[in-house]
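To start, I am sharing the structure in question, which I have written as structure tokens.
The values are calculated or read from the model by the stated rules, or taken from the named source; none is laboratory data. This is a predicted model, so every value here is computed, not measured. Quick reminder, even Gly has a Cβ in these numbers, built from the backbone with ideal geometry, and neighbours come from all protein chains shown.
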Amino acid sequence: MTVAAGTKRSTVWSQPAFRLLLGAEAVTLSGSAVSSVALPALAVLELHASTTDIAVLAFLGQLPNAVALWAGALSDRHPKRPQLIASDLAAAVALVTIPAAALAGLLAVGQLCGVAVVLGAAKVVHDAAAVSLLPALVDPDQLHDANSRLGAASSAADSTGTNAGAALVGAVGPACSVLADALSFLASAVLVWRMRVPEAATVPRTRMSLARDIADGVRYVARQPTIRTLIAALSILSFGLAVMNTYWAYYLLERLGASPSAFGVIMGVGGVGGLVGALFAPRIAGRIGIGPTIIGGFAVCPLMQVPLLCAEPGLGWQIVLAGTLAGQLFGATASGTSQRSLRQAVCEPAFQARAQSASTTLTAGARPLAAATAGGLVLLLDVRATFAAGALLQAGAAILLLASPIRTLQTIPAHGAMPPAPRGAPS
């Protein structure tokens, strides 16, 4: 994607394939945000799931992340559009079974567990393909803007979807509400199908074994200092957040007495904060530097958890929690779009999907262990103490970045401007 001399420079929005990807991501994230309200309400309020059931659901939903390296290796071998379409269709089919079982009077927590596994697996395949496809759709200097728009779409989808989810749960019940998510996956599949991007597999035709491809990807990430540090910090932050998120919905709905509508509003207000953070990420990075933007976002997360540790039932605390969630997601999305752009810029094209899958494995793949840890801590202590442990872990991620050279990084370097990873094997 080059611009001839004397012609007007293209923008990220002028790329048709990017617009379709953005639309697909926005619509499916909106649907998933509906499910983020409907599924907890279904488990807690209608199926009367216990704290152990909640932990098992969280564990199984994150379990497919453990095979993210496999998904990344396949994504680097094969065209990514078919993978995006297949994952969307699989998720849609799984979600449709929930209202069908509810209408038949057969819905149980066990089925929710099965759906959680399918949704988790579909997300792993989808993310590996989508994140690694983006650098092929836009120019290198447009990556931060492209990620900013994707982050803004994600936040807007969260805000719109959670509010819509709260309204749908109240109108038709949580089981039928998940149909909106199923339809969103179908719409995403259609948009990706319309995308026309010439793709070539990045692994040579004389392919090595899949295990060798995976091992090469792991070695590449381990030896690339910028990518390695960012993924390590992300894994610590993600573990701490996952410990807290295991009981986030349960805590608000059961312990703080929030209604499903109030829960959806809190999540929606948080999404607004994420939207603003994503939109302003390039401007913030341009003013204070890419490194400080990333570190600042990591530092905001644990600070915004303090009100949650003090919260009591009542509208006043619900307003406070909505505000702190907005602040947390503002920092998280500003930081997230910035660190993702940095990783994509310094990563070699042949390793894009495997680098993303390594991040998924260490960040999301550890969430089943985080859910199990949360379950154990709740049995030994209580929910508030579990939240405190999660917040302390999140602070560790910011400390790690502060001790790294990333803190002095002002701009996203061009590929090759930073020390490359030693090559352990041909790609």
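So S338 passes all but one of these: (1) under 20 Å from A242 (Cα atoms); (2) within 15 Å of the chain's Cα centre (by Cα). Which condition number does it fail?
Tallying (1) under 20 Å from A242 (Cα atoms); (2) within 15 Å of the chain's Cα centre (by Cα), S338 fails exactly one: (1).
A further question on this structure: In the list R219, R228, which residue meets the criterion of being over 20 Å from I412 (Cβ atoms), at pLDDT 85 or above and of a type in the set (K, R)?
So the residue among R219, R228 that is over 20 Å from I412 (Cβ atoms), at pLDDT 85 or above and of a type in the set (K, R) is R219.
Would you pick out the residues in region 162-194 that are surrounded by 24 or more Cβ atoms within 10 Å (Cβ to Cβ) and either among the hydrophobic types (A, V, I, L, M, F, W, C) or over 20 Å from the mean Cα position of the chain (by Cα) (or both)?
Of everything in region 162-194, those that are surrounded by 24 or more Cβ atoms within 10 Å (Cβ to Cβ) and either among the hydrophobic types (A, V, I, L, M, F, W, C) or over 20 Å from the mean Cα position of the chain (by Cα) (or both) turn out to be A166, V169, P174, S177, V178, F185, V192.
Pairs needed: first member in region 24-48, under 12 Å from S188 (Cα atoms); second member anywhere, polar (S, T, N, Q) and not in a helix (DSSP H, G or I); C-beta distance under 9 Å; at least 6 residues apart or different chains.
If the second residue must be polar (S, T, N, Q) and not in a helix (DSSP H, G or I), no pairs are left.
Right, here's the next one. Regarding A128, is this residue crowded, with 22+ Cβ neighbours inside 10 Å, farther than 19 Å from A371 by Cα and in contact with a helix residue (DSSP H, G or I) (Cβ under 9 Å, 6 or more places away or on another chain)?
Judged against the criteria, A128 is a match.
Do we have S36 as surrounded by fewer than 24 Cβ atoms within 10 Å (Cβ to Cβ), polar (S, T, N, Q), more than 15 Å from G110 (Cβ to Cβ) and at pLDDT 75 or above here?
Yes; evaluated as a whole, the condition is true for this residue.
Here's a check for you: in region 274-315, which residue that is β-branched (V, I, T) and within 16 Å of G390 (Cα to Cα) is modelled with the highest pLDDT?
Top of the filtered list is V300.
Pick from Q328, Q339: which is under 30 Å from Y220 (Cβ atoms) and either in contact with a helix residue (DSSP H, G or I) (Cβ under 6 Å, 6 or more places away or on another chain) or part of a helix (DSSP H, G or I) (or both)?
Only one candidate passes the filter, namely Q339.
Within region 285-313, can you find the residues that are touching a residue at least 40 places away in the same chain (Cβ under 8 Å) and of a type in the set (G, A, S)?
Once the filter is applied, which keeps residues that are touching a residue at least 40 places away in the same chain (Cβ under 8 Å) and of a type in the set (G, A, S), region 285-313 yields A285, G289, G291, G297, A299, A311.
Among the candidates L325, L309, L329, which residue alone is under 20 Å from A258 (Cα atoms) and crowded, with 23+ Cβ neighbours inside 10 Å?
Of L325, L309, L329, the one residue that is under 20 Å from A258 (Cα atoms) and crowded, with 23+ Cβ neighbours inside 10 Å is L325.
Something else now. Residue pairs, Cβ under 6 Å, 6 or more apart or interchain, first in region 329-356 and within 15 Å of G151 (Cβ to Cβ), second at pLDDT 85 or above and of a type in the set (F, W, Y). List them.
Cβ pairs passing all conditions: S335/F298.
Let me ask something else. Could you tell me whether Y251 is buried (at least 23 other Cβ atoms within 10 Å of the Cβ) and under 20 Å from C310 (Cβ atoms)?
For Y251, the condition - buried (at least 23 other Cβ atoms within 10 Å of the Cβ) and under 20 Å from C310 (Cβ atoms) - is not met.
Of everything in region 282-306 that's out of contact with any helix residue (DSSP H, G or I) (no Cβ under 7 Å at 6 or more places or on another chain) and within 13 Å of L325 (Cα to Cα), which residue is surrounded by the fewest Cβ atoms within 10 Å (Cβ to Cβ)?
Among them, the one singled out is V306.
While we're on this one: Please determine, by comparing only the residues of region 177-189 that are in a helix (DSSP H, G or I) and under 13 Å from V37 (Cβ atoms), which one is modelled with the lowest pLDDT.
Taking the candidates together, the pick is S177.
Please state which one of T360, T324 is closer than 25 Å to P64 by Cβ and among the β-branched types (V, I, T).
Going through T360, T324 in turn, just one is closer than 25 Å to P64 by Cβ and among the β-branched types (V, I, T): T360.
Which of the residues that make up region 67-104 are small (G, A, S), closer than 18 Å to S359 by Cβ and at pLDDT 80 or above?
G72, A73, S87
Would a scan of region 54-70 turn up a residue that is surrounded by fewer than 22 Cβ atoms within 10 Å (Cβ to Cβ), over 29 Å from A152 (Cβ atoms) and among the small types (G, A, S)?
yes
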